[in-house]
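To start, the structure itself, in structure tokens.
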Amino acid sequence: MSPAGGDQARRAAAAFEELRGVAPRGVWSAPGRVNLIGEHTDYNDGFVLPFALPHRTAVAASPRADGVLTVSTLGDDGAARHAEPIAVADLEPGRVSGWAAYPSGVAWVLRSQGVTAGADLVIAGDVPAGAGLSSSHALECAVALALLGLAGVPEDRPEIARWVQRAENDFVGAPTGLLDQTASLLCTEANVLFLDVRSGKAEQVPFDAAVQGLEVLVIDTRASHSHTDGGYGARRAGCERAAALLGGPALRDVDTAELDEALPRLPAELQPLVRHVVTENERVLRAVDALRAGRVADLGPLLVASHESLRDDYRVSCPELDVAVGSALAEGALGARMTGGGFGGSAIALVPVERHDAVVRRVLAAYAERGWATPRTFPAVPSAGAARDD
Ligand code: GLA
């Protein structure tokens, strides 16, 4: 078993064997992600800079001859929950809800690519759910690799990312972009992924905070978030309307030098959205320059500016994220920002390693003072992308 899948791959394989009485044909796993910078830029054809978390979702799988898809998932307590078995031929948007919609959506989209066979899937994972760390995409990507692997279809990962996006958009009903799937499928250990969403060009940029005495601290606020309830989609639609009014295919086509001239041509409510996207793309490019020059600490002010822009212009932050960011900065973090879509979920902070304990204490104290649930914190290093484990 490859080291990437680790414990989760072993758990999924053992649970499969227990449930089905035979070893699975194979095990595949995919990681969650944090996005270092470049938020709400992906569906504007822009730039993103994610890295894979060590947390992964593994899928143990075997083909079935009867065209039926069965999906079981292991809870933290080790007990398995089972989705209602369904024929792959019967999968349609709206037919499956809850957690089972994610694996079912992938089977649905792959059916249109000729992958029509049934399968038994058993899932185990440790990507925190509902934390904005892409647990749903880790699951979808692992399922996609499993079903394609069982069918013997050669992997084209950028293409798989687009299929997973279609499952998420059209089956699950979340109008999300390409950041999360691409991160899960293309990230590699020790690197951040510099992705130009428009061209699809993906570059691995080495990112080693530890050599400079720094770490990326993830703060899962435990404030729940959702991308199916309208806030995300409304902003996406606003960006598309603004791009059309400015006469371009996407906001990617506006650069910072043109902002002053472009903004007055837009209705007032669209101006802050555009300002965020345009300046955020620029911040990604500056972050990549800083990393290429080995100046990790220079990320700090870019992270802060990104958070302020997401909070004030894009309006996707929330009090829990703002308090996490503010507390980390007050205790010596060089920078901090919300990561992912927002409305809850997680923040990241660039923290001198010797300040780790003090930052965590301060964040926890700020939450306790407000009577909020205790956030979960952990330092994260760029880890391996999706892989076959066995
Ligand atoms: C969510 C979506 C991504 C991306 C981010 C914001 O994570 O799934 O496609 O839009 O929000 O950057």
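Brief remarks on what is shown
- Restricting attention to the range 334-381, the residues that are under 17 Å from Ile37 (Cα atoms), small (Gly, Ala, Ser) and either more than 20 Å from the chain's Cα centre (by Cα) or assigned to a strand (DSSP E or B) (or both) add up to 6.
- Where a residue in the range 22-51 is farther than 30 Å from Pro63 by Cα and part of a helix (DSSP H, G or I) and its partner, wherever it lies, is away from the ligand (no atom under 11 Å from the Cβ) and of a type in the set (D, E, K, R), with Cβ under 8 Å and at least six apart: Asn44/Arg252
- Residue selected from the range 66-93 under the condition modelled with pLDDT of 95 or more and assigned to a loop (DSSP other than H, G, I, E, B), by the criterion farthest from Asp170 (Cα to Cα): Asp66
- Answer from Thr182, Thr176 - the residue that is within 12 Å of the ligand (Cβ to nearest atom), closer than 28 Å to Gly294 by Cβ and not assigned by TED's automatic domain parsing to the domain that holds Glu280: Thr182
- Members of the range 16-33 found to be within 26 Å of the chain's Cα centre (by Cα) and surrounded by fewer than 24 Cβ atoms within 10 Å (Cβ to Cβ), listed by number: Gly26
- Residues of the range 322-340 that turn out to be within 13 Å of the ligand (Cβ to nearest atom) and either at pLDDT below 95 or not small (Gly, Ala, Ser) (or both), as a count: 3
- Restricting the search to helices (runs of 4 or more DSSP H) fully inside the range 122-237 and requiring at least 2 residues that are over 28 Å from Val296 (Cβ atoms) gives 135-151, 157-166.
- Test: residue in the range 371-382 that is crowded, with 22+ Cβ neighbours inside 10 Å and more than 30 Å from Ile123 (Cα to Cα): no
- Exactly one residue out of Asp312, Asp298 is surrounded by fewer than 18 Cβ atoms within 10 Å (Cβ to Cβ) and farther than 19 Å from Gly342 by Cβ, and it is Asp298.
Yes/no per residue for (1) within 15 Å of Ala30 (Cα to Cα); (2) in contact with a strand residue (DSSP E or B) (Cβ under 9 Å, 6 or more places away or on another chain):
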{"position": "Cys141", "(1), (2)": "yes, yes"}
{"position": "Ala151", "(1), (2)": "no, yes"}
{"position": "Pro154", "(1), (2)": "no, no"}
{"position": "Ile160", "(1), (2)": "yes, no"}
{"position": "Ala167", "(1), (2)": "no, no"}
{"position": "Leu178", "(1), (2)": "no, yes"}
{"position": "Leu186", "(1), (2)": "yes, yes"}
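- One residue stands out among those in the range 124-178 that are at positive phi and over 15 Å from the mean Cα position of the chain (by Cα): the one that is surrounded by the most Cβ atoms within 10 Å (Cβ to Cβ), which is Gly173.
- Scan of the range 267-278 for residues that are in contact with a helix residue (DSSP H, G or I) (Cβ under 9 Å, 6 or more places away or on another chain) and surrounded by fewer than 18 Cβ atoms within 10 Å (Cβ to Cβ), ordered by number: Pro267, Glu269, Gln271, Pro272
The values are calculated or read from the model by the stated rules, or taken from the named source; none is laboratory data. Since the model is a prediction, treat every value here as computed from it, not as a measurement. Neighbour counts are summed over all protein chains in view; Cβ atoms, including those assigned to glycine, are modelled from backbone coordinates with ideal geometry.
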